[in-house]
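**Student:** The following block contains the structure, expressed as structure tokens.
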Amino acid sequence: MYTPPARRVNFIFVPPEDDAGAWNFRMDDFTQRLQNGFPGAWLQDEGRTGPRGAETFAFEIELDPGEWIEGLVTSPFENIASVTVEKATTREGACFAAWLRDIYVPTPDLVQFTTEFALGNGIDGQWPLPADGDADALAEVLQAHIDEVEELLGEEG
């Protein structure tokens with residue numbers, strides 16, 4: 001039986017809508033922890049981008065031997081940021097989300113997410129990332145988001 005390849009999407013991780021500064025984000029701290037958490041991480045300062053001149057860093061990290069993902073962290077204002085993991089499967093997005101939740105943010109209930117797939121189809125809003133659970137459990141939550149978006153759009157897989 002044919003199994004189609006997993007949909008790859010851009011996952012966007014953000015602090016809660018009602019507390020954008022909850023992560024108390026600092027780019028130097030984030031990039032240092034990223035390098036510590038993912039030895040061999042590649043980081044590149046992209047300078048200030050966008051209409052607000054957001055501080056931006058591109059990164060590439062190895063989740064498992066030979067399995068790399070790329071991302072972009074953007075900080076438009078002091079203490080505020082979003083992190084995008086690009087063209088990731090739900091498992092890859094979940095592995096990164098677990099690191100972000102468990103290692104970077106001050107408390108595990110401060111991560112919400114969406115996808116460019118949702119936003120690009122006019123579906124606004126953020127979904128809460130569970131405050132506990134391993135990467136497999138988080139992958140189920142990310143997949144449920146994609147399934148819900150597909151259902152709203154009348155798509156299948």
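**Student:** How do Glu86, Glu92 line up, fewest other C-beta atoms within 10 Å first?
**Tutor:** Ranked by crowding around the Cβ, least crowded first: Glu86, Glu92.
**Student:** Next question. Counting helices only, and only those DSSP H runs with n ≥ 4, report the 222 nm mean residue ellipticity of the chain as the sum of -39,500 (n - 2.57) divided by its residues, in deg cm²/dmol to the nearest 500.
**Tutor:** The per-residue figure over the chain is -8500 deg cm²/dmol.
**Student:** May I ask for the angle, rounded to the nearest 10°, between helix 27-37 and the longest principal axis of the chain, with both axes built from Cα atoms and the value confined to 0 to 90°?
**Tutor:** So the inclination is approximately 60 degrees.
**Student:** When the chain is fully extended, how far beyond the present Cα-Cα distance does Asn121 get from Asp64, taking 0.36 nm per residue of separation?
**Tutor:** The Asn121-Asp64 span can extend by a further 17.4 nm.
**Student:** Then there's this: What are the ³J(HN,Hα) values, in whole Hz, obtained from phi via the Karplus relation 6.51 cos²θ - 1.76 cosθ + 1.60 with θ = phi - 60°, for each residue of segment 125-142 in sequence order, with x given for Gly and Pro?
**Tutor:** Once rounded to whole Hz, the list reads x, 10, 9, x, 7, x, 6, 9, x, 7, 4, 5, 5, 5, 4, 5, 5, 5.
**Student:** Related question: Order the peptides 95-106, 12-23 from the highest to the lowest mean number of other Cβ atoms within 10 Å of their residues.
**Tutor:** 95-106, 12-23
**Student:** Tabulate in residue order the Karplus-calculated ³J(HN,Hα) for segment 96-109, using 6.51 cos²θ - 1.76 cosθ + 1.60 with θ = phi - 60°, rounded to whole Hz; enter x for Gly and Pro.
**Tutor:** Those phi angles translate into 5, 4, 4, 4, 4, 5, 8, 10, 9, 6, x, 9, x, 8 Hz.
**Student:** Moving on to the next point. Got a sec? How would Leu43, Leu34 order by Cβ neighbour count within 10 Å, fewest to most?
**Tutor:** Ordered by Cβ neighbours within 10 Å, fewest first: Leu43, Leu34.
**Student:** Please arrange Phe30, Phe113 by how many other C-beta atoms lie within 10 Å of their C-beta, fewest to most.
**Tutor:** Going from sparsest to densest Cβ surroundings: Phe30, Phe113.
**Student:** Scan around Ile80 for amide H atoms under 5 Å from its own, H built in the peptide plane at 1.01 Å from N, and keep only partners 5 or more places away or cross-chain.
**Tutor:** Close amide H contacts, sequence-distant or interchain: Phe25.
**Student:** Additional query: Through the Karplus equation 6.51 cos²θ - 1.76 cosθ + 1.60, θ set to phi - 60°, convert the phi angles of segment 73-83 into ³J(HN,Hα) values in whole Hz; use x for Gly and Pro.
**Tutor:** Each residue of segment 73-83 in turn: 10, 10, 10, x, 9, 4, 6, 10, 7, 10, 10 Hz.
**Student:** What label, among [x] 9, 28, 18, 8, 5, 6, 7, 7, 6, 4, 2, 0; [y] 11, 41, 36, 11, 1, 0; [z] 11, 35, 32, 16, 5, 1, 0, belongs to P(r) over Cα pairs in 10 Å bins from 0, in percent computed from the structure on display?
**Tutor:** So the calculated entry is the one marked [y].
No lab work stands behind these numbers, since they all come straight from the coordinates. Here the structure is a predicted model, which means the values were calculated and not measured. Reconstructed Cβ throughout: ideal geometry from the backbone, glycine too, with neighbour counts over all protein chains shown.
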